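For reference, the structure is listed below as structure tokens.
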Amino acid sequence: MTASADSTSPDLALAGAIFDVQRCAFHDGPGLRTTVFLKGCPLRCAWCHNPESWSRIPPEAAPAFRERRATVGELMAIVRKDRHYYDASGGGLTLSGGEPARQPRFAAGLLRAARAEGIRTALDTCGCAPPSAFALLAPHVNLFLWDYKATDTAGAPSLHRELTGRDPGPLLDNFRRLYAGGADILLRCPLIPTINDTPAHLEAIAGFARDYPRLAGIEIIPYHAGGLSKYDRLGLPRPALKTRQPDERTKARWLEFFQARNLPGITLA
Ligand code: SF4
């Protein structure tokens, strides 16, 4: 995925639906970044911290949670303000959501505009979009931040479907296709105590490290309960997860699992 793919003129009038822009973000890829949050998500993760990304927000919700339209040109006027931070820190533009690949033309247009100005790009994705969307996006993405959320056990009901609302197969197919095509991918694995930190899931994460040695890394993202108040402000019921934030012992146990398999490249975010 090289910068030369972005040589044509970007369409600055291209518009899409967003719900937030955050400058100086440092959890959304390398360095300091500007993160644009695109509206809409086909998943309903049981621990979602961004329910305002879902398409159906009650009309009585606070204005801050409502969808708004923005053009590539308007967003680039914000993104380029911090380019000296990107240059100094190895950062850039991240598209997140929601699921940015559900607005592929707009997302690709914004990524392409950033790359045309020499700004590196990342796409934070759950992988739930048609293969054609990823084919459109891939030439404009320096780094995919790929969420891997749950692992099914043969013969048992799908845990992935139970926790996210979707079967994992098409998402994993998209991952494999992009990896085979040479994309740089950082795997990110939210771990929620007693919910998805099953031996099968930890073993599957270890399997990614073995089977995909060209991954940019694997990050374990410990569950945190921040964002629950958003549900109250949106008038939505809070997630009925029976869990807690992982304590230090739990996090150490996760890491020991990978270290015992000689996989030190799997780290805590
Ligand atoms: S993929 Fe992300 S935004 Fe969508 S429901 Fe899951 S956690 Fe929320």
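The values are calculated or read from the model by the stated rules, or taken from the named source; none is laboratory data. From a predicted model like this one, the values you see are computed outputs, not experimental measurements. With ligands, DNA and RNA removed, areas are computed over all heavy atoms of the protein, side chains included. Shrake-Rupley method; radii C 1.70, N 1.55, O 1.52, S 1.80 Å.
The stretch 212-269 and the stretch 141-187 have Cα centres separated by 16 Å.
Straight-line cross-link reach from residue 149 at under 29 Å between alpha-carbon atoms covers these lysines, not counting any fewer than eight positions away in the same chain: 39, 230, 242, 251. When the Cα convex hull of the stretch 156-249 is projected onto planes of every orientation, the mean area is 7.8 nm². Annotation: Cα Rg of the stretch 3-268 relative to the compact-globule expectation 2.2 N^0.38 Å equals 1.00.
Each 5 Å bin from zero up to the one holding the largest Cα-Cα distance in the stretch 104-226 carries the following percent of pairs: 2, 10, 20, 22, 19, 14, 8, 4, 1, 0, 0. Residue 137 contributes about 0 Å² of solvent-accessible surface, heavy atoms of the protein only, 1.4 Å probe.
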